[in-house]
Amino acid sequence: MTDRDDFPADASHAEVALSPIVQPRRARAPLPAPGMLIRAALALFAFVILGAVAVPAMAESALPRLRGDVTARQDILTLGDLVENVPPALAERPLFRAPALGSTGTIQSRRIAEAATALGLGPVETGGRLQIAVQRAARRVGPSEIEVALKRGLETGYGLDTNLMMIRLDGEAPMMLAPVDLAGQASAIDMVYDPRSHRVSALVSLGERQASLRVSGVVVEMREVAVLARSLNRGEPIREGDLVLDRRPRDGLGADVQASVTAAIGEVAQRSLPAGSVLREGDTALPDLVARGETVTIIYATPGISLSMRGIASDSGRMGATVNVVNVASKKVLQATVVGAGRVSVGPSGGPQLQANAASVALR
């Protein structure tokens, strides 16, 4: 028989020892190298700085902002022409009329902001500008292009050769303004030309009279002449490059103007000649080959004899000129022809006395 004190009377009061639940240990990952930690920290720092700068800038650029001074290419200025960051549905909405071709106008910033608000756009950032300037772009057809158009009209309408012609337009530098998208060359229509007075008038137009200008002038016949490219002093020789061809009005030039830039090379100026002046006959001449008082060689030549002797030139002369020389041996004055530098020639007309004097000198 079992003693009652061996077991607890009430099983609920029994103490049961519970064993702890042991979790399996996970393997620990190795720590990263110090270099990797530094690079990661630097990348994170750069990302934070970039975000701090870029995010406000992106938010600001997305706002509607007033443009600066603009150039208009059309008659109408749209919302997109004046304000940045505009929705495509509103960008082409017209707001203001552009200035006249080639001119500049201004628009108050307040008026642009009010017009944008009326179209349903939010506040417009003005950047502190009170107004903007609007310049209307234009194609400018100036005097040179107008002259080309008139010359084409004279060639086709009147059969003139305009290669050596210029047109002196009336007024001060006429200018025709046209839209920048109006392409093509200017043409002269309704032309009138008077051959006696050489006056011409026409309507110069672009694009079937979308832009036109009435002009008039005088047709001037030109001539190519030699013009000095630099100033020359008296006695200075003309070298290559000293003369250039230029076109000058034929009236008033005279018949003595030079038209060649090479014919006078080697000649010397007979007077001071300023740069830009037209070269005329007599302005230059061949240089003197014999100077007055210079010792020269007198040459006597016949079919059977050729002699030379010394002489003193009494005159200066260029090639082919007739000068007086004194025969040193006989002291007789002879007429001789310049044939080279320091050399003159006498012929049989010098007579027996010359032959006798020549025989007394050595042959050369």
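Summary table below
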| quantity | calculated |
| --- | --- |
| Helices (runs of 4 or more DSSP H) contained entirely in the range 58-121, each with at least 2 residues that are exposed (fewer than 14 other Cβ atoms within 10 Å of the Cβ) | 88-91, 109-118 |
| Qualifying residue in the range 124-142 (condition: in a helix (DSSP H, G or I), of a type in the set (A, V, I, L, M, F, W, C), at negative phi and buried (at least 16 other Cβ atoms within 10 Å of the Cβ)) | no |
| Output for the range 321-334, where each listed residue is surrounded by 14 or more Cβ atoms within 10 Å (Cβ to Cβ) and not in a loop (DSSP other than H, G, I, E, B) | 323, 324, 325, 326, 327, 334 |
| Selection count, the range 269-283, where residues are surrounded by 15 or more Cβ atoms within 10 Å (Cβ to Cβ) and more than 36 Å from the chain's Cα centre (by Cα) | 0 |
| Residue count, the range 245-258 (criterion: surrounded by 12 or more Cβ atoms within 10 Å (Cβ to Cβ) and within 29 Å of the chain's Cα centre (by Cα)) | 4 |
| Residue, nearest to residue 72 (Cα to Cα), within the range 164-198, restricted to residues that are surrounded by 15 or more Cβ atoms within 10 Å (Cβ to Cβ) and over 25 Å from the mean Cα position of the chain (by Cα) | 187 |
| Single condition residue 219 does not satisfy, out of (1) modelled with pLDDT under 95; (2) surrounded by 15 or more Cβ atoms within 10 Å (Cβ to Cβ) | (1) |
| Where residue 230 falls short, out of the listed (1) in contact (Cβ under 8 Å) with a residue 40 or more places away in the chain; (2) of a type outside the set (S, T, N, Q); (3) not in a loop (DSSP other than H, G, I, E, B) | (3) |
| Some residue of the range 296-306 being in contact with a Phe, Trp or Tyr (Cβ under 6 Å, 6 or more places away or on another chain) and either assigned to a strand (DSSP E or B) or at pLDDT 90 or above (or both) | no |
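Conditions tested, residue by residue: (1) part of a strand (DSSP E or B); (2) β-branched (Val, Ile, Thr).
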residue	(1), (2)
180	no, yes
193	yes, no
205	yes, no
213	yes, no
222	yes, no
253	no, no
259	no, no
262	no, yes
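The values are calculated or read from the model by the stated rules, or taken from the named source; none is laboratory data. It should be emphasised that the depicted structure is a prediction, and the values quoted were computed from it without experimental measurement. Here Cβ is always computed from backbone atoms with ideal geometry, including for glycine, and neighbour counts include all displayed protein chains.
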